[in-house]
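Just below is one structure, and these are the notes that go with it.
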Amino acid sequence: MYPAPMNPHDPEVARRHDKLKTLLEGGLPIAEAAKEVGLSRKRVYDLADKYNLPYNKPVRGGGRLERKIVELSASGFDNDTIGQMYRMSVVAIGRILERVRERVSREA
């Protein structure tokens, strides 16, 4: 049995949803955002779908997704477009690219 849906007009629920939007748009992964607002990951995924928010899945350094993001950036795609392709925030894409820049400069 599913729990009753939360009333979005309740001020506490509205505050929680606003905080969730801010966290996800700020680049926090869903699992961390769920802990921060005190909701299950499933509920946060449902809300992210409802409000068309980014998922910000963690990206492994040197992994396939990181390479794809770097390739798209080098091909001229902006961070917003890349974020839309992978359902990630502009902030999360920027952090990934910055992490790659730092790693490359350390290795050079």
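The values are calculated or read from the model by the stated rules, or taken from the named source; none is laboratory data. Here the structure is a predicted model, which means the values were calculated and not measured. In this analysis, Cβ positions are derived from the backbone assuming ideal geometry, glycine residues included, and neighbour counts consider all displayed protein chains.
Within region 62-99, restricting attention to residues that are over 15 Å from Pro29 (Cα atoms) and hydroxyl-bearing (Ser, Thr, Tyr), the residue that is surrounded by the most Cβ atoms within 10 Å (Cβ to Cβ) is Ser73. Within region 46-61, the set of residues being surrounded by fewer than 15 Cβ atoms within 10 Å (Cβ to Cβ) and either touching a residue at least 12 places away in the same chain (Cβ under 8 Å) or of a type in the set (Ser, Thr, Tyr) (or both) comprises Tyr51, Lys57, Pro58, Gly61. The lone criterion from (1) assigned to a helix (DSSP H, G or I); (2) at pLDDT 95 or above left unmet by Glu12 is number (2).
Yes/no matrix, rows are residues, columns are (1) in a loop (DSSP other than H, G, I, E, B); (2) among the small types (Gly, Ala, Ser):
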| site | (1), (2) |
| --- | --- |
| Arg43 | no, no |
| Asp46 | no, no |
| Tyr55 | yes, no |
| Glu66 | no, no |
| Glu71 | no, no |
| Ile82 | no, no |
| Gly94 | no, yes |
| Arg99 | no, no |
